[in-house]
Amino acid sequence: MTISLTEDLWTLILSRLPLKSIATSKLVCKHWKSIAESQFLRKHFLSHHQNSHSSWSVMWRDGRNKNAPEEVVAHYGCDVWGLPRSLGSYVSSFINSMTTTKTQEVRVLAYTEVGLILIIYYFNPTGLVTRIENGELLGYKVVLMDSSKCGKGVLSLLIYSSETCKWSFKTLRSSLPLSLVYWQQSVSMSGNLHWAGTTADKKYAIVSHDFYATGTESDRCRVTINPDVENFKDDYKGGVWTSSQGFLMLMNILEEDKLKVWRLKSGEWEHVSQISSVCFKPDFNDIFPLAMNRFDGETLYLSSENHKRQKRKRLVSTNLYNKGKLGLHNKLERTSDGLTLSFTMASSIMERSIYDSELCTFVLPRWLYRIPSSPS
């Protein structure tokens, strides 16, 4: 029996399905493909799932692992995508299928907020940025950096643009003299790349550039000094930077295991929270921040070491506005919003500094963006 429904009704039905099912429906016929790619369906889908979070993971890019990164924390099974497995498992499967010989070096280097992944062969780009307007992915850029002249306030870049399909050279001038930029570690957000670095007078800093800026900002990079630890001091135990709700977040561990969280807003550091070691001990030891929840700016995930159980690594979380109370998580559990939460803890993740940490966040977009094609 054939069911005859109007296009409006098909749209309303499909808009309540996860993106995985919508993508599959495009294979049914040309009519369904047209509906699945329509702005009408997109509008209804985003409206229906406006309170739903997308799948996301925290990845660890271990320099000794030449292939797929290790997934530290994974959130999946959401209404938006409906994936039965974590993002890391899909990335690993894809990378393994590309690696045909033991000598072939294939690695994941960077992720963007619209689900694009930068996969490299042999050479090391420093990042990947995207241009989005009105919810549409219009273009992306792959960035390589030569930081050998950063001491003179100069960063030399080689940039590939999807809009021109060409490589071009660009020189950035720094607002402050730099001694070092850690080009291997970048956070991509809203057309910007953020790198960790140190100034000429040995102050920790974040170096940023908007790759779609125009005018005087198009050839300048901003240097923002770490608000807690300006100099190399013994009381700085380490930290992690990540993104949450469209902001760059900085989490520093200071003397006596004091944890301070900052948000970079309009080029200035805004203090978010401070948690004392009194909240950690004796149940939780050697606390180290991993990432902020990608969609919840109040939830912070940390790793903890249990000395009573042969130094077993554990995942804990805290609400930054709940006086630092920590909650212990199982390796596989269901969260309050219906997602599946899983985690693994590599021993070398613990006690890593912001300047040697390889942690990064990968989040799937809220819609099936078209990948920009070449001008031809």
The answer for segment 152-208, accessible area per residue at 1.4 Å probe in Å², is 45
Cross-link list LYS152/LYS203; LYS152/LYS260; LYS141/LYS265; LYS26/LYS331; LYS260/LYS313; LYS166/LYS203: which exceed 26 angstrom alpha carbon to alpha carbon?
LYS152/LYS260; LYS26/LYS331; LYS166/LYS203
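The values are calculated or read from the model by the stated rules, or taken from the named source; none is laboratory data. Since the structure is predicted, the reported quantities are computational estimates derived from the model, not experimental observations. Heads up: the accessible areas ignore ligands, DNA and RNA and are worked out on the full protein's heavy atoms, side chains in. Shrake-Rupley method; radii C 1.70, N 1.55, O 1.52, S 1.80 Å.
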